[in-house]
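To start, the structure under review is shown below, and the notes come after it.
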Amino acid sequence: MATLQELMAQRAALDQQIAETKDRERGEAIAKVRALMSEFGLTPADLSLRSGRTATKAPSKVAAKYRNKATGETWSGRGLQPKWLKAALAGGAKLSDFAV
């Protein structure tokens, strides 16, 4: 069984190998990308997103379509019906009664 010092030495050697391999492969990838860009006449601007969308676009809030007049609670009509609306509908109310 290996001692702690031997294992730590092996770990340090592996960490060094990992760092060297990562640097070498990264350099090779950059060289390939540069060669392809040169071959096809691409610029860094050509590599940007063309859709005009941003990756951090926040979801928009949907306007309420139904409102509980007694409590002021609302529902957009999307997703599951809230409990207050289910209970009212089970009691005989119509969905149109809660339209905003």
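Some notes on this structure:
- Candidate aspartates and glutamates for bridging to K83, where Cα separation is under 12 Å - those fewer than 8 sequence places away on the same chain excluded: E73
- Within straight-line reach of K86, meaning a Cα separation under 29 Å, sit the following lysines at least 8 residues removed in sequence or on another chain: K61, K65, K69, K94.
- The value of relative contact order for the chain, using C-alpha pairs under 8 Å at least six residues apart, is 17 percent.
- For the chain, the longest principal axis of the Cα atoms and the long axis of helix 4-40 meet at an angle of about 80 degrees.
- Test item: Cα-centred dipole of the chain, Lys/Arg +1 and Asp/Glu -1 on Cβ, debye: 1060
- Furthest towards positive pole of dipole, L42, M8, L95, structure part the chain, Cβ charges: L95
- Cα-based Kirkwood hydrodynamic radius, the chain, one decimal, Å: 20.8
- Estimated 222 nm signal from helices in the chain, with DSSP H stretches of n ≥ 4 weighted -39500 (n - 2.57), rounded to 500: -15500 deg cm²/dmol
- Couplings 3J(HN,Hα) for segment 77-91, derived from phi with the Karplus relation 6.51 cos²θ - 1.76 cosθ + 1.60 (θ = phi - 60°), are x, 9, x, 5, 5, x, 4, 4, 6, 4, 5, 5, 5, 5, x Hz, where x marks Gly and Pro.
FYI, it's all coordinate maths here, none of it is from the lab. Please read these numbers as outputs of a predicted model, since none were measured by experiment. As a convention, Cβ positions derive from the backbone with ideal geometry for all residues, glycine included, and neighbour counts pool all protein chains shown.
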